[in-house]
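Quick notes on the structure that follows.
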Amino acid sequence: MKKVKDENTEHQILDAAKKVFQAKGMDGARMQEIANHAGINKAMLHYYYRNKQLLFEAVFKNAFSLLAPQLNAILNDDSSIEKKVKKFTSNYIEFVIKHPYLPNFIIQELNRNPDFILNLKDTKGFPKLEKFKEQVKYEVKKGIIKPISAEQLFINIMALNIFPFVAKPLIMAFTNTDDKTFKQLMEQRKTEVADFIINSICS
């Protein structure tokens, strides 16, 4: 009789894998350790996910599927560029505070398997920049914001939001802060980053 995959068991596996990948990284994580954290045996884990790469991709896609539609909705709503910057920054930082492993997941996978990220472009809810580009052109033309390409503006937004999480140990060392203080700094960046970008582009 064919086994039926149980949603609760799969959820336990993904939750356990997320914690292990966050602590050990893709290369350092072991399937046995993930199975132990999930409270199942290794054979059961392999029944759900044949290898570590498939499990890693499942954890990544699960997290990305929560964040991407939020960001896509912001980029394609009818609000101004200023409001988009504020909402994008606030939503992204709030999400990453709750899912701190995600930025490093992205960097790791970009280095290991660039095509994996490119394949995500076809998934539902993947952020589209077409409307954002048109809005930037329009607001530059109207003198609402200073001349800047949408691509450069988007890179600035992403860089200022992502880097502190990717470089967390380095930043904590330089600023001599503990984990609690770092989280407070990240909360403050919800407005700090947006204000910095808006002040740099507003005419």
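Just so you know, all these numbers are worked out from the coordinates, no wet-lab data involved. Remember, it's a predicted structure, so these values are computed and weren't measured experimentally. Because the Cβ atoms are built from the backbone with ideal geometry, glycine has one as well, and the counts that use them run over all protein chains shown.
Compute the angle between helix 179-201 and the longest alpha-carbon principal axis of the chain, please, reported from 0 to 90 degrees and rounded to the nearest 10.
So the helix axis and the longest Cα principal axis differ by about 40 degrees.
If you place +1 on the Cβ of every Lys and Arg and -1 on the Cβ of every Asp and Glu, how big does the dipole about the Cα centre of the stretch 60-201 come out, in debye to the nearest 20?
200
Under 8 Å for C-alpha pairs, at least 6 residues apart: give me the relative contact order for the chain, rounded to a whole percent.
So the answer I get is 22 percent.
As I understand it, the value is the acute angle between the Cα axis of helix 52-75 and the longest principal axis of the Cα atoms of the chain; what does it come to in degrees, rounded to 10?
With both axes taken from Cα atoms, the answer is about 30 degrees.
Stretched out fully, how many nm does the piece from N199 to I117 gain, at 0.36 nm a residue minus the Cα gap?
Contour length minus the Cα-Cα distance gives 26.3 nm.
Once both labels are modelled 7 Å past Cα along the beta-carbon direction, what's the I97-R50 spacing in nm?
4.1
Which of K42, K87, K128 ends up with the largest GNM mean-square fluctuation for the chain, with Cα atoms connected below 10 Å?
K42
Determine how many Å³ per residue the convex hull of the Cα atoms of the stretch 18-106 encloses.
Expressed per residue, the convex hull around the Cα atoms of the stretch 18-106 is 91 Å³.
Would you please report the Å³ per residue occupied by the convex hull of the alpha carbon atoms in the stretch 54-156?
103
Considering the Cα trace of the stretch 106-194, what is its radius of gyration and what is Dmax, both in angstroms?
Considering the stretch 106-194 through its Cα atoms, Rg and Dmax are 16.9, 45 Å.
For the stretch 1-50, what value does the Rg/Rh ratio take when both radii are computed over Cα atoms and Rh is the Kirkwood radius, given to two decimals?
Ratio of gyration radius to Kirkwood radius for the stretch 1-50: 0.99.
Would you work out the charge dipole size for the stretch 7-138 about its Cα centre, treating the Cβ of every Lys and Arg as +1 and the Cβ of every Asp and Glu as -1, and quote it to the nearest 20 debye?
180
Would you work out the charge dipole size for the stretch 1-50 about its Cα centre, treating the Cβ of every Lys and Arg as +1 and the Cβ of every Asp and Glu as -1, and quote it to the nearest 20 debye?
Dipole magnitude for the stretch 1-50 comes out near 180 debye.
Can you tell which of L160, L14, L54 shows the greatest fluctuation in a Gaussian network model of the chain with Cα springs below 10 Å?
Greatest mean-square fluctuation among the candidates belongs to L54.
Against the longest alpha carbon principal axis of the chain, how many degrees, from 0 to 90 and to the nearest 10, is the axis of helix 81-98 turned?
In the chain, helix 81-98 runs at an angle near 20 degrees to the longest axis.
In a GNM of the chain with a 10 Å cut-off on Cα contacts, which of A23, A58, A68 has the highest mean-square fluctuation?
Per the Cα network of the chain with a 10 Å cutoff, A23 tops the list.
At 7 Å along Cα-to-Cβ for each site, give me the label-to-label distance between S65 and M31 in nm.
Distance between the two pseudo-spin positions: 2.2 nm.
What value in Å³ per residue do you get for the convex hull of the alpha-carbon atoms in the chain?
With only Cα atoms used, the chain gives 141 Å³ per residue.
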